[in-house]
Amino acid sequence: MTLQKADITIVGGGIVGLATAYQLTLEYPGKKVIVLEKESRLAQHQTGHNSGVLHSGIYYRPGSLRATNCRAGKEAMEAFCREEEITYDICGKVIVAVDESELPALEKIYERGQVNGVQCEVIDQARLRELEPHAAGIKAIHVPETGIVDYVQVAERMAERIRKADGEIITNAEVMNFRRYEDHIVVESKAGSFESKYVVTCAGLQSDRVARMANERFNAKIVPFRGEYYELKPEAQHLCRTLIYPVPDPKFPFLGVHFTRIIHGGVECGPNAVLAFAREGYQKSDINVRDLFESLTYNGFLKLAVNNWQAGLGEMWRSYSKTAFVKALQHLIPEIRSEHLVSVPAGVRAQALSPDGKLVDDFIINESDRMVLVGNAPSPAATSSLNIGKIIVEKLAGQF
C-alpha cells in the first residue's frame, strides 16, 4: 500500500480533532493536513452523544484549561456558527438550590463564576418562578449566556471547510501503531500508512491507549462512564423552558441529573453516571471484556468506587429503576411523572482517572517532539474545541 505523506496527521475525527485541523488550515493554508477517523463516519462518539450545551464556564476551577478554554471557546464557537449560519440559541440556564443545605455550595459556584468572568446572578424564588415556573427551589443562579447547539452539525461543517482547504479526512482508519524517526512519524492505520512531520492525537475514549502506542507519557487511565437520558414527551415539554441544573454534590464528581432543551426541539433529562462495561458501551448490554477488565483492575477506579460507593449505588439504581430516575428529576421539577418520559440514546464520557482515584478535573494537552497529545477532554470540550485547536496549533507552530 502506498505511503501517503502529510505535514500534520490528526488522529481522531471528533470535534476536537476537526477543530484542530480547521484551525491549522486557517493558520497554515500551505500545509497538508490529514485527519484519521476509525469509524465509518465522523463525530460518532462523544461529539455525537451529548446534549449540545454551549457552556459558560461557571463550574470550572479558575485559571484551569477548562475555565479559560471554555470562555474563549464559547465565543469562538458562537462566531463560527454565525459565519456558517448554524442555528444556536443563547437560552440561558438556572442552577437551583431546593433547600437551605444547598445554599453554601450555590454561593461557591456563583463566586467561581464571578472569578471566571461568567455573566450570572443569584436570583430569589420569585425570579426563578418567572424564568422556570415549574422548577422547585428557594434560590438559584441565573446564567443567561448559556446556550445550545448541534455539535454534530458543527463538526460536519468543520469537515467541509477542511476539505475545501485541501485537507483530507479518511474514515475506517483505526490507528494501529506509530513509528518515530528523527524528522518524521509514520502512523500505521487500517487505511494505510501516513508519513507526517507532526502528529496530533485527539482520540477521546481511546486516548490513553493511543498515548501508550506512541510511547507518550500519560499518568492516568480512561474509565468510561455511561450517561443515560430520557426525553420529555411533547405534552410535558412546557415544564422546562431552558436548562435547569441542580447544585452539584461536592462529594461526587458529576453534575447530577438535569433538564436540557435541545436545539432541534424537545427536552432531555439526565444523565446519571454509571461505569460502562465497554469504552463504547452505549447500551447496558454492551460488554467488552478487555475494557471492563482494565477498569475493574485499575487501582484508581477501585479507590474512586470505595470513596463514592453510596453515590455510585444511587447512580446504578437509577440506571435500572425508572422510578428512581423520576424521583431524582422531581427534585428539580416536582410535576414530572414517569409517563412523561421516554428513553433516548445514552452517551459515554471518556474520563481520565488518576492512580489515586481522583477524576482528572482539567484538560490534558501534552507536547513532545513532533507530537501533541490530547489526553483528557471531558465537558466542556465541545464548547471549547475551537480554542483547544488554537492552542494545539500554537504548540505545533513552536516546532515548525
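None of the figures in this text is laboratory data; all of them are computed from the coordinates on show. Just so we're clear, the structure is a prediction, and the values are computed from it rather than from any experiment. Glycine gets a Cβ as well: all are built from the backbone with ideal geometry, and neighbour counts include every protein chain shown.
Here the sum of -39500 (n - 2.57) over DSSP H runs of 4 or more residues, divided by the residues of the chain, equals -10000 deg cm²/dmol at 222 nm, to the nearest 500. Where the alpha-carbon atoms of the range 163-304 are placed on the principal axes, they occupy 60, 46, 29 Å, in descending order.
Cα axis of helix 103-115 to longest principal axis of the chain: angle in degrees, 0 to 90, nearest 10? Taking Cα atoms only, the helix is inclined about 40 degrees.
Taking only Cα atoms and a 10 Å spring cutoff, compute GNM fluctuations for the chain and point out the largest among Asp208, Asp361, Asp166. Greatest mean-square fluctuation among the candidates belongs to Asp166. Kirkwood radius for the range 221-353, taken over all pairs of different Cα atoms as the inverse mean of 1/r, rounds to 15.5 Å. Among Cys81, Cys70, Cys120, the residue with the largest mean-square fluctuation in a Gaussian network model of the chain, with springs joining Cα atoms closer than 10 Å, is Cys81. Farthest toward the positive end of the dipole of the chain, out of Pro345, Cys81, Phe400, is the Cα of Phe400, where the dipole comes from beta carbon charges about the Cα centre.
Near Thr242: Cβ cut-off under 11 Å, other residues only, Lys/Arg at +1 and Asp/Glu at -1. The net charge is +1.
Compute a Gaussian network model of the chain, connecting alpha carbons closer than 10 Å, and tell me which residue from Ile58, Ile86, Ile222 fluctuates the most. Among Ile58, Ile86, Ile222, the largest mean-square fluctuation in the Gaussian network model of the chain belongs to Ile86. To the nearest ten degrees, helix 15-27 and the longest principal axis of the Cα atoms of the chain are 50 degrees apart.
Between 0 and 90 degrees, rounded to the nearest ten: what's the tilt of helix 65-84 against the longest Cα principal axis of the chain? The answer is roughly 80 degrees. Taking a ≥ b ≥ c as the square roots of the Cα gyration tensor eigenvalues, the range 63-169 comes out prolate, since a/c reaches at least 1.5 and a/b is larger than b/c.
Selection among Ser385, Ser207, Leu18 by position relative to the dipole of the chain gives Ser207 as farthest towards the positive end (Cβ unit charges, Cα centre). The mean of 1/r over all distinct Cα pairs in the chain, once inverted, gives the Kirkwood hydrodynamic radius of 21.7 Å. The separation of the range 347-394 from the range 194-217, counted between C-alpha centres, amounts to 12 Å. Working from Cα pairs under 8 Å separated by at least six residues, relative contact order for the chain is 24 percent.
Each Lys or Arg adds one and each Asp or Glu subtracts one; over the other residues with Cβ under 13 Å from the Cβ of Tyr88, this totals -4.
Counting Lys +1, Arg +1, Asp -1, Glu -1, what net charge surrounds Thr9 among other residues with beta carbon under 13 Å of its beta carbon? Working shown, then result.
Numbers: positive: Lys5, Lys31, Lys32, Arg179, Arg180, Lys197, Arg370; negative: Asp7, Glu37, Glu168, Glu188, Glu195.
In short, +2.
Checking the cross-link pairs Lys284/Lys322; Lys38/Lys358; Lys74/Lys327; Lys108/Lys303; Lys108/Lys327; Lys5/Lys38 against a 22 Å limit on the alpha carbon distance flags Lys38/Lys358; Lys74/Lys327; Lys108/Lys303; Lys108/Lys327 as lying beyond it.
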